[in-house]
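Participant: Sharing a structure, written as structure tokens. Questions coming.
Bear in mind these aren't lab numbers, they're just calculated from the coordinates by the rules spelled out. Note that the coordinates shown come from a computational prediction; the quantities given were computed from them, not determined experimentally. So basically every Cβ, Gly included, is an ideal-geometry build from the backbone, and we count neighbours across all protein chains shown.
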Amino acid sequence: MVGEEPATHGIGRSRGGLSTKIHQGVDGRGRPLATVVTGGQRNDGIMMADTFDDIKVPRIGPGRPRTRPDAVLADRGYTSGVNRSYLAGRGITAVIPQKSNEITARKKKGSKGGRPPAFDVQAYKGRNVVERWFNLAKQWRGLATRYDKLATTYRAAVMLAAVITWLRHITDTT
């Protein structure tokens, strides 16, 4: 598990339990590329960099694995200035809607608030791909109900769901 909590830490009710979060990076076809599991008390936005650090897509020919997507389609939980700067610094297009309180704060500052960040509505419609993966994962009773008490066993179940997703895509192409 990536993050501040050790991999053997429990995810009982006091450590997240029924609010355990899965931070998932998927490709354009819904195949998981990176997974980070945290307790429910962790902020979504600060986990973006940790999730991206786990992405390594091997190239077909020689060369280093690819670690940067062309664009990131994320929900409002990831719309912080830190995340936008992180993505811009890596040359990644951020397609993340702003929270209403951020819009209000920017407008309250007037011309000193700056311009709103670019937002491509058409590209954002593709975010349903990651939502479909989460809906598929919720079909697993163990993942949906979060019965596991250890982070390692819960993450193992998430990884098993990811492997099954990849296997479905591999068998569809042959």
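Participant: State the dimensionless ratio Rg/Rh of the stretch 106-150 (Rg: radius of gyration of Cα atoms; Rh: Kirkwood radius).
Facilitator: Working: Rg = 19.1 Å, Rh = 14.2 Å.
Reported Rg/Rh (Cα atoms, Kirkwood Rh): 1.34.
Participant: In addition: For the chain, which DSSP H helices look membrane-span-like by this rule: Cα extent along the axis of 20 Å or more and mean Kyte-Doolittle of at least 0.5?
Facilitator: Once both thresholds are applied, what remains is 151-173.
Participant: Sort Leu73, Leu136 by Cβ crowding within 10 Å, fewest neighbours at the top. The partial results should precede the final answer.
Facilitator: Numbers: Leu73 21, Leu136 15.
Going from sparsest to densest Cβ surroundings: Leu136, Leu73.
Participant: At most 16 other C-beta atoms within 10 Å and a DSSP loop state: those are the exposed chymotrypsin sites (Phe, Trp or Tyr not before Pro) I care about. Give me the longest piece of the chain that has none.
Facilitator: The answer is 1-118.
Participant: For the stretch 89-174, state which trypsin sites (Lys or Arg not before Pro) are in a DSSP loop and have at most 10 other beta carbons lying within 10 Å of their beta carbon.
Facilitator: Loop-located and lightly packed - Lys109.
Participant: On to the next question. Only counting other Cβ atoms within 10 Å, I'd like Arg42, Arg31 sorted with the fewest neighbours first. Write down the numbers at each step before the final one.
Facilitator: Values: Arg42 19, Arg31 15.
The fewest-first ordering by Cβ neighbours comes to Arg31, Arg42.
Participant: Next up: Have a look at the DSSP beta bridges in the chain and tell me what percent are antiparallel, nearest 5.
Facilitator: Counting only bridges with both partners in the chain, antiparallel ones make up about 75 percent.
Participant: While we're here: Counting other C-beta atoms within 10 Å, which of Ile22, Ile60, Ile164 has the fewest, and how do the rest follow?
Facilitator: So the ranking, lowest neighbour count to highest, is Ile60, Ile164, Ile22.
Participant: If you build the convex hull over the alpha carbons only and average its shadow over all orientations, what do you get for the stretch 13-173? Give it in nm² to one decimal.
Facilitator: Numbers: hull surface 46.2 nm².
Reported value for the Cα convex hull: 11.5 nm².
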